[in-house]
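K.L.:
Please see the structure below; I have some questions.
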Amino acid sequence: MTTPNSLREAGLNINVPLTNIAQGVRQAQFVMRDLFPMVEVGTDNGQIIRFDESVYEEIDDTRADDTEYPEVQDGYKGQAFELNIKGFSYRVGDKKARRMENLRVNWGQRAQMRMMDRAGLKHEIESAVAATTLNAYATTNRVTLAAGQQFNEANINPGSVIRQARSAVSGQIGMDPNVMIIGQDVFDALAENDSIKERIKYTSKDSLTEDMLAAFYGFASVKVCKAIVKRNGVKQRVFGKHVVMAYTNPAGLNQSKLPYRVDGVIDNETPSFGYTYVYLNNPLAYSPYYDQDRGSTVYKLDFDRSVVRTGVDDSNLITHGFFIQNAVA
């Protein structure tokens, strides 16, 4: 970002250097952007660009001379969305600043990093909820594994379950899923699974990696969601013991390795499991202000966004992905 992009931003005391710091943050530990790539929208509300099934309709392209050409439609249909207003503040008390003055702390940079750490985790949580809601999937695109079927049990070959799930997706949309997100407990179980250990013997590696799982099962990307959230004094993993495989806009794969600067290279009219709609120029940092009443300097950050499912059928149920609930005990 170089200058405020609108009259709204020009009047809000936007700080361009601090905004550049926030937008330049990289958080490879957060992987849910691979399922819900970030795309920029210039409005707080509107219509979700959603892939529908009209693209599969057979259209006869035979025409007589001097007659109308058969018409092809995009195959998109909208559904209402409204961006969630998101943001954080970071406060630096005078005493704290004086006490650390000899350390030459760049408080503006530290504030952006701390707020983006929390924003990244919050997006991970929001996305995990959207991706692991069982009833959000079409009945053909979900399964709950019971005892005797789970990946951590002896004599269970996860490959058969994963291949059936891939076939379910391709049977719905004509494309194989290209990304798989798994919980840490699932990865740990796969690493100890006898059938996978046997396959590892024929590689140059000693232990399981995400790239190996991608190669074993035909995904462009496999990621482990390791994020932890503390609720009511208890830490828990945000993705649980589940597996989600999905067809995601290929341009959005490995977005977790990129900075949070949304530059318009991802086209949200491309069919995909989902997207994160992000308001124009967000994340957006304000110039700090001094709070006389509390004797502290305050930094603020906007990150307005909404996680939306776009790869759905006419009943708004996910078809561009498959959900394996309770993949491990």
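K.L.:
Looking only at residues in the stretch 303-317 that are of a type in the set (Ser, Thr, Tyr) and not in a strand (DSSP E or B), which one is farthest from Leu121 (Cα to Cα)?
P.N.:
Ser315
Results for (1) outside any helix (DSSP H, G or I); (2) within 17 Å of Ile125 (Cβ to Cβ); (3) aromatic (Phe, Trp, Tyr); (4) over 20 Å from the mean Cα position of the chain (by Cα), shown as yes or no for each residue.
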residue: Arg166; (1), (2), (3), (4): no, no, no, no
residue: Val169; (1), (2), (3), (4): no, no, no, no
residue: Asp176; (1), (2), (3), (4): yes, no, no, no
residue: Ile181; (1), (2), (3), (4): yes, yes, no, no
residue: Val186; (1), (2), (3), (4): no, no, no, no
residue: Tyr202; (1), (2), (3), (4): yes, no, yes, yes
residue: Val222; (1), (2), (3), (4): yes, no, no, no
residue: Gly240; (1), (2), (3), (4): yes, yes, no, no
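K.L.:
Which numbered condition in (1) surrounded by 14 or more Cβ atoms within 10 Å (Cβ to Cβ); (2) modelled with pLDDT under 85; (3) not acidic (Asp, Glu) is the only one that Asn84 fails?
P.N.:
Every listed condition holds for Asn84 apart from (2).
Table: residues versus (1) more than 18 Å from Met38 (Cα to Cα); (2) over 16 Å from the mean Cα position of the chain (by Cα); (3) aliphatic (A, V, I, L, M).
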site: Gln236; (1), (2), (3): yes, yes, no
site: Gly252; (1), (2), (3): no, no, no
site: Leu258; (1), (2), (3): no, no, yes
site: Asn281; (1), (2), (3): no, yes, no
site: Asp293; (1), (2), (3): yes, yes, no
site: Ser296; (1), (2), (3): yes, yes, no
site: Thr310; (1), (2), (3): no, no, no
site: Asp314; (1), (2), (3): yes, yes, no
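K.L.:
Still on this structure, please answer the following. Please verify whether the stretch 67-83 includes one or more residues that are under 30 Å from Arg26 (Cα atoms), of a type outside the set (Gly, Ala, Ser), touching a Gly at 6+ places or on another chain (Cβ under 6 Å) and not in a loop (DSSP other than H, G, I, E, B).
P.N.:
no
K.L.:
Let me ask something else about it. With the requirement that a residue be assigned to a strand (DSSP E or B) and either closer than 29 Å to Thr133 by Cα or hydrophobic (A, V, I, L, M, F, W, C) (or both), what does the stretch 250-302 give you? Spell out how you get there, then give the answer.
P.N.:
Here is the first cut: in the stretch 250-302, the ones assigned to a strand (DSSP E or B) are 259, 274-279, 284-286, 289-291, 296-302.
Pro259, Gly274, Tyr275, Thr276, Tyr277, Val278, Tyr279, Leu284, Ala285, Val298, Leu301, Asp302, listed by residue number.
K.L.:
Moving on to the next point. Among (1) farther than 23 Å from Tyr217 by Cα; (2) out of contact with any strand residue (DSSP E or B) (no Cβ under 7 Å at 6 or more places or on another chain), where does Asp94 come up short?
P.N.:
Tallying (1) farther than 23 Å from Tyr217 by Cα; (2) out of contact with any strand residue (DSSP E or B) (no Cβ under 7 Å at 6 or more places or on another chain), Asp94 fails exactly one: (2).
Each row is one residue, and each column tells you yes or no for (1) under 21 Å from the mean Cα position of the chain (by Cα); (2) in contact (Cβ under 8 Å) with a residue 40 or more places away in the chain; (3) surrounded by 12 or more Cβ atoms within 10 Å (Cβ to Cβ).
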residue: Asp34; (1), (2), (3): yes, yes, yes
residue: Gln47; (1), (2), (3): yes, no, yes
residue: Arg50; (1), (2), (3): yes, yes, yes
residue: Glu57; (1), (2), (3): no, no, no
residue: Asp61; (1), (2), (3): no, no, no
residue: Tyr69; (1), (2), (3): no, no, no
residue: Tyr90; (1), (2), (3): no, yes, yes
residue: Ala97; (1), (2), (3): no, yes, yes
residue: Asn102; (1), (2), (3): no, no, no
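K.L.:
Give me the residue from the stretch 244-294 that is among the basic types (Lys, Arg) and either at pLDDT below 95 or within 24 Å of Gly183 (Cβ to Cβ) (or both) and, out of that set, surrounded by the fewest Cβ atoms within 10 Å (Cβ to Cβ).
P.N.:
Within the stretch 244-294, the first condition is being among the basic types (Lys, Arg), and the residues that meet it are 257, 261, 294.
Now drop any that are not either at pLDDT below 95 or within 24 Å of Gly183 (Cβ to Cβ) (or both), which leaves 257, 261.
Details: Lys257: 12, Arg261: 16.
Here the answer is Lys257.
K.L.:
With respect to Asn106, is the statement that it is under 21 Å from Tyr286 (Cα atoms) and surrounded by fewer than 13 Cβ atoms within 10 Å (Cβ to Cβ) true?
P.N.:
So Asn106 passes the test.
K.L.:
From the residues in the stretch 175-204 that are loosely packed, with under 11 Cβ neighbours inside 10 Å and over 19 Å from Glu153 (Cβ atoms), which one is modelled with the lowest pLDDT?
P.N.:
Top of the filtered list is Ser204.
K.L.:
Just a yes or no: is a residue in the stretch 141-157 loosely packed, with under 10 Cβ neighbours inside 10 Å, more than 30 Å from Asn282 (Cα to Cα) and acidic (Asp, Glu)?
P.N.:
Among the residues of the stretch 141-157, not one is loosely packed, with under 10 Cβ neighbours inside 10 Å, more than 30 Å from Asn282 (Cα to Cα) and acidic (Asp, Glu), which makes the answer no.
The values are calculated or read from the model by the stated rules, or taken from the named source; none is laboratory data. None of these values were measured; they are calculated from a predicted model. FYI the Cβ positions are ideal-geometry reconstructions off the backbone, even for glycines, and counts take in every protein chain you see.
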